[in-house]
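**Student:** This is the structure I want to talk about, given as structure tokens.
The values are calculated or read from the model by the stated rules, or taken from the named source; none is laboratory data. In this text the structure is predicted, and so the values were computed from the model without any measurement. Here the Cβ is made from the backbone with ideal geometry for all residues, glycine too, and neighbour counts use every protein chain on show.
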């Protein structure tokens, strides 16, 4: 807009939003195909969060209403949810256990010793959070029935193997086995898309073989599904060497020994994989995209970086300045960066952005905008054609 209609510097108002980062989902289709491991991300993976709530059987929430569905709200007005939504699920289970144990000890003290009125008042105050505790313990218990299944753990293991680009043959055999077992089609498609993107397509022989096996297993009406994936470039024959290893190393996407309880990197949201999309945001706010120019050329689509100069009428191609003194708004608050995902963002990526924003030395507050919230399931589902 600035290039089309230059603004004269006297008319320019210093905007509250200092920087806009626009990312097309196509730049990073690897991240949404992976299973999210944050609490909110996992809720979406297993129960499909819709407009800030999940719908599930009343019996799961401990209510005696067999077969009745209830909506469970998930938003920041629930203090406990606000505290645990962005954490890795492993850590959430530990926190809920600690809170329940502490409440049990308080209860024992109240019932076995004489308490002053103010001590009783404190205990009653704690009891106010009991409904939230019960809600999340029930939800976590239900999620554990998914996460403890061998199929889930196997899928997780295979996702990491594919991302690390370790063994082509093992990945190929695993996907073949899933097809023969007739595992849910969407699960197979997610791995297939992940495999195809990271290896820059499948060799013709394997491509034709998996295509044929998939149609035999799930029905020939899915020719349209495979066609959709090919048209979108998410399933393709290998025509060139994969750039994934170079991208992975340059942006440090795989982080060994990730501490999920005390994370120091965004990789905690996938237990060892840092979302490519959020690494790009990280680079943009730290030093601009200039230093990683060569890596950006390996990603899909064009990229550009424009700075609106305060005293020039035309934008100059320059880096984003991430120094706190330049970017402090007049009243001392941190500047705002608006990060917009066109084509959807996952809850795990939102958690990674919140984590970034909370880091010491971060010169910005981040606001996230998106066309929709997505998961690997909802994205893969859009390609599935059900004929008849």
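**Student:** Take the residues in the range 266-279 that are assigned to a helix (DSSP H, G or I) and in contact with a helix residue (DSSP H, G or I) (Cβ under 7 Å, 6 or more places away or on another chain); name whichever of them is surrounded by the fewest Cβ atoms within 10 Å (Cβ to Cβ).
**Tutor:** 276
**Student:** Also, I was wondering about something else. Would you check which residues across the range 200-227 are over 15 Å from residue 173 (Cα atoms) and buried (at least 16 other Cβ atoms within 10 Å of the Cβ) and list them?
**Tutor:** Selection gives 201, 215, 217, 218, 222, 225, 226.
**Student:** Going by the structure shown, is residue 206 out of contact with any strand residue (DSSP E or B) (no Cβ under 8 Å at 6 or more places or on another chain) and not in a helix (DSSP H, G or I)?
**Tutor:** In short, no.
**Student:** Would you say residue 121 is over 20 Å from residue 141 (Cβ atoms), assigned to a helix (DSSP H, G or I), modelled with pLDDT of 95 or more and not assigned by TED's automatic domain parsing to the domain that holds residue 282?
**Tutor:** So residue 121 fails the test.
**Student:** Turning to a different aspect of this structure: Return yes or no: is residue 284 part of a helix (DSSP H, G or I), out of contact with any helix residue (DSSP H, G or I) (no Cβ under 8 Å at 6 or more places or on another chain), surrounded by 14 or more Cβ atoms within 10 Å (Cβ to Cβ) and modelled with pLDDT of 95 or more?
**Tutor:** Criteria not met by residue 284.
**Student:** Let me ask something else. Take the range 359-373 and flag every residue that is without any contact (Cβ under 8 Å) to a residue 60 or more places away in the chain and either over 21 Å from residue 253 (Cβ atoms) or touching a helix residue (DSSP H, G or I) at 6+ places or on another chain (Cβ under 9 Å) (or both). Please lay out each step first, then the result.
**Tutor:** Initially, the range 359-373 is screened for residues without any contact (Cβ under 8 Å) to a residue 60 or more places away in the chain, giving 359-361, 365, 368-372.
Those that are without any contact (Cβ under 8 Å) to a residue 60 or more places away in the chain and either over 21 Å from residue 253 (Cβ atoms) or touching a helix residue (DSSP H, G or I) at 6+ places or on another chain (Cβ under 9 Å) (or both): 360, 361, 365, 368, 369, 370, 371, 372.
**Student:** What are the residues in the range 363-377 that are over 15 Å from the mean Cα position of the chain (by Cα) and within 17 Å of residue 275 (Cβ to Cβ), if any?
**Tutor:** Within the range 363-377, just 366 meets the criteria.
**Student:** Another question, if that's okay. Conditions first: (1) more than 12 Å from the chain's Cα centre (by Cα); (2) at pLDDT 95 or above; (3) more than 22 Å from residue 285 (Cβ to Cβ). Residue 24 passes all but one, so which condition is the exception?
**Tutor:** It is condition (3) that residue 24 fails.
**Student:** Let me ask something additional. How many residues does the range 231-249 contain that are in a helix (DSSP H, G or I) and loosely packed, with under 15 Cβ neighbours inside 10 Å? Reasoning before the result, please.
**Tutor:** At the first step, the residues of the range 231-249 found to be in a helix (DSSP H, G or I) are 231, 244-249.
Of the ones still in play, those that are also loosely packed, with under 15 Cβ neighbours inside 10 Å are 231, 245-246, 249.
Count: 4.
**Student:** Output the residue which, of all residues in the range 334-361 that are farther than 15 Å from residue 31 by Cβ and touching a strand residue (DSSP E or B) at 6+ places or on another chain (Cβ under 6 Å), is modelled with the lowest pLDDT.
**Tutor:** 334
**Student:** Can you tell me how many residues in the range 155-178 are assigned to a helix (DSSP H, G or I) and either surrounded by 18 or more Cβ atoms within 10 Å (Cβ to Cβ) or free of Cβ contacts under 8 Å to residues at least 24 places away in the same chain (or both)?
**Tutor:** Number of matching residues: 15.
**Student:** Moving on to the next point. With respect to residue 181, determine if the residue is surrounded by fewer than 16 Cβ atoms within 10 Å (Cβ to Cβ) and either in contact with a strand residue (DSSP E or B) (Cβ under 7 Å, 6 or more places away or on another chain) or closer than 19 Å to residue 45 by Cα (or both).
**Tutor:** Values: surrounded by fewer than 16 Cβ atoms within 10 Å (Cβ to Cβ): yes; either in contact with a strand residue (DSSP E or B) (Cβ under 7 Å, 6 or more places away or on another chain) or closer than 19 Å to residue 45 by Cα (or both): no.
Against the criterion (surrounded by fewer than 16 Cβ atoms within 10 Å (Cβ to Cβ) and either in contact with a strand residue (DSSP E or B) (Cβ under 7 Å, 6 or more places away or on another chain) or closer than 19 Å to residue 45 by Cα (or both)), residue 181 does not qualify.
**Student:** Restricting attention to the range 322-333, does a residue exist that is farther than 30 Å from residue 153 by Cβ, in contact with a helix residue (DSSP H, G or I) (Cβ under 7 Å, 6 or more places away or on another chain) and at pLDDT below 85?
**Tutor:** Scanning the range 322-333, I find at least one residue that is farther than 30 Å from residue 153 by Cβ, in contact with a helix residue (DSSP H, G or I) (Cβ under 7 Å, 6 or more places away or on another chain) and at pLDDT below 85, so the answer is yes.
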